[in-house]
Amino acid sequence: MIKKDLEKWLNENKIEEKVEHPSITKFGDYAIRTGKAVENLTKNDIVEKTEFMAGFTNIWLNKSILIEETEKIGTEEWSKNLKENGIGKTMVIDYSAPNIAKPFGIGHLRSTNIGQAIYNIYQILGWKCIGDNHLGDWGTQFGKLIVAIKKWGEKAVEEMTIEDLENLYVKFHSEAEKDEKLDDEAREWFSKLENKDLEATEMWQKCIDISIKEFDKIYGLLGVRIDYALGESFYLDKMDAVVKLMEDKNIIRESEGAKIIEFKTMPPAMAIKSNGTTTYFLRDMATVKYRMETWNPDLIIYEIGADQELHCRQVFETSKMLGWTPQFYNVAHGMIRWKDGKFSTRKGQTIHLSEVIDKAMEEAKKIAPDNDEKKIKAVAIGAIKFNDLNQDPKKDIIFDWEKVMSMEGNSGPYLQYTYARCQSVLSKSQKNAGISGETKLELEEENLLREFYKFEEKIIEAAERFSPAVVAEYLINLARKYNEFYAKFRVIGEEAEEQRLFLTERTASILKLGLTLLGIETMEKM
Ligand code: ARG
């Protein structure tokens, strides 16, 4: 990789400053803060020329090296080198994790899209990746649900849809406001469930079956397959061992009948409630232990909404107190809002993903070609995913249909369209792509050539920052540079046809590789 070679050379020559890409192309490919001009920087074959300006040494890379690097992208050698980054390391990523008997919400969609992209990015970097869908299939809400089903259910549980279950759950909450006894009943049913009561267990299992069927439909549509879906209930028989460890380390204590863990800088976490039932927190602790014992990961990533940041910090800190050593990271994604204010939801219900997908399909019909169902789906899903991925996960994102589906803006369809444009150019030519260090390039061609080699750096940076947006933004930039070039020059039949084919082919390849990392499909025609 050029950057590594350059850094190595700088280090050998006692220059330890950080190497960065200047924000404007006219300041070169890289810049380093040097204070004064660095004289001998061109004394290697990477650097073509340098210029000292306002405290920075700007560096232009040698064109032949750029071309060489560009040609490698996507080859086996390239993949192998990329894998050197993570070889021998293992990561577990906890993502998606919808809740049983509740619809797959738009927050879970974000977690699914971002989580899968992070998984793909680590995988291409050579990490062994394990995806685990920590399904919300246990907890006091099942007590409430059972009460609601028994009291107000109008048909047999197995005939209910996930919406029926959700409506019953919502009804429980409005009724419980009027009648306190309902909460006691719910707690009792959950306690029965934890004690393996037959009736409670059967109803719980039926709710799971209904929900999983629904979730699988969504994963199918999104083209996502998560390695494991162990879920919270998987840890039921694994919690005692954790409590025992906590007791051995003297970090758990009794408080008003409950068992809690205290921290120096945050509120305590409850492991066991005063009525003896377990908690989400304790199940997460058992989960960490299981993951360590099963996969021995170097890194565990949680792709969970920012509203659970405290929960995650408590889990990480407790792990530390127990002497557990993996590195932890919570991506803590922000919320999604509609353009015109908050997400408007019916009666406090979560926004249904299926409604969003239906609407996306409707919009995609207007731009996808040939009325081809597969392509409409690829555009719709690509648009939704890209909207989740092209912004820093931590930030709240605005859901604006016009932008999500825009053919010109920073969108999935824009990238798919640019890819198809490249393919169309390539399909019309009889010639072979070709370029060399001596080829004379126009400004827009040169700008494009100077984008390609950055792809690898961006993949690494995306992993380091746990942010697929780094790749997404790079692809947008690349597509912009291509379209600036395309707007100005013809390719077919020109004297410069071969070099332009090279630029076109490389753009297409990188767009495809990059979009695949983001879980977005490309199509040859659009
Ligand atoms: N099911 C939870 C929710 O919907 C998310 C679970 C995240 N993962 C975890 N290990 N706690 O809020």
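All of the numbers you see were taken from the coordinates with simple rules; none came from a lab. Note that the structure is predicted; figures quoted are calculated from it, not measured. We place every Cβ from the backbone using ideal geometry, glycine too, and count neighbours over all the protein chains shown.
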- the chain: relative contact order in percent, alpha carbon pairs under 8 Å with at least 6 residues between: 15 percent
- Message: I need the calculated FRET efficiency for the pair residue 81 and residue 495, taking r as the beta carbon distance and R₀ as 41 Å, to the nearest 0.05.
- Response: 0.70
- Simple SL model, points at 7 angstrom along Cα→Cβ for residue 408 and residue 71; separation in nm is 3.9 nm
- Message: Student exercise: in region 78-149, how many lysine pairs 8 or more apart or on different chains have Cα atoms under 29 Å apart?
- Response: 5
- Would you give the gap between the C-alpha center of region 506-521 and the C-alpha center of region 53-92, rounded to a whole Å? 17 Å
- Nearest 10 degrees, 0 to 90: helix 454-464 Cα axis against the chain principal axis: 20 degrees
- Task: With viscosity set to 0.692 mPa s and temperature to 37 °C, compute the Stokes-Einstein D of the chain, Rh being the Kirkwood radius across alpha carbon pairs; µm²/s, no decimals.
- Result: 126 µm²/s
- Give the percent of DSSP beta bridges with both residues in the chain that are antiparallel, rounded to the nearest 5. 50 percent
- Taking r as the C-beta separation of residue 40 and residue 524 and R0 as 41 Å, the FRET efficiency to the nearest 0.05 is 0.25
- Using a Förster distance of 25 Å, the FRET efficiency for residue 263-residue 236 (Cβ separation, nearest 0.05): 0.45
- Based solely on its DSSP helices, what 222 nm [θ] is calculated for the chain when runs of n ≥ 4 H residues each add -39,500 (n - 2.57) and the sum is averaged over all residues, nearest 500 deg cm²/dmol? -16500 deg cm²/dmol
- Query: Can you give the extra length, in nm with one decimal, that the chain gains between residue 199 and residue 442 once fully stretched, where that is 0.36 nm per residue apart less the Cα-Cα distance?
  - Reply: 80.0 nm
- Task: Starting from the Cα gyration tensor of region 411-503, multiply each eigenvalue by 5, take the square root, and state the resulting semi-axes largest first in whole Å.
- Result: 26, 16, 11
- Task: State whether region 223-378 is rounded, prolate or oblate according to the following rule on the C-alpha gyration tensor (a ≥ b ≥ c being the square roots of its eigenvalues): a/c under 1.5 gives rounded; otherwise a/b larger than b/c gives prolate, and the remaining case gives oblate.
- Result: prolate
- Message: Between helix 353-367 and the chain, what is the angle of the helix's C-alpha long axis to the longest principal axis, kept within 0 to 90° and rounded to the nearest 10?
- Response: 30 degrees
- Query: Considering only Cα-Cα distances, which of the following residue pairs are longer than 26 Å: 385/488; 192/249; 150/178; 366/525; 377/525; 26/525?
  - Reply: 385/488; 192/249; 26/525
- Does region 237-329 classify as rounded, prolate or oblate by the C-alpha gyration tensor (a ≥ b ≥ c root eigenvalues; a/c under 1.5 gives rounded; else a/b over b/c gives prolate, otherwise oblate)? prolate
- Item | Length gained when the stretch residue 184-residue 337 is fully extended (0.36 nm per residue, less Cα-Cα span) | 51.6 nm
- Task: Please give, to one decimal in nm, the separation of the simple spin-label points placed at residue 354 and residue 292, each 7 Å out from Cα toward the Cβ.
- Result: 4.2 nm
- Message: Can you classify region 399-448 as rounded, prolate or oblate using the Cα gyration tensor, where a ≥ b ≥ c are the square roots of its eigenvalues, rounded means a/c under 1.5, and otherwise it's prolate if a/b beats b/c and oblate if not?
- Response: oblate
- Added length on full extension, which subtracts the Cα-Cα distance from 0.36 nm per residue, residue 424 to residue 245: 58.2 nm
- Report the net charge of residues surrounding residue 392, where surrounding means a beta-carbon distance below 13 angstrom and charges are Lys +1, Arg +1, Asp -1, Glu -1. 0
- Message: Compute the helix-to-body angle for 239-248: its Cα long axis versus the longest principal axis of the chain, expressed 0 to 90° and rounded to tens.
- Response: 90 degrees
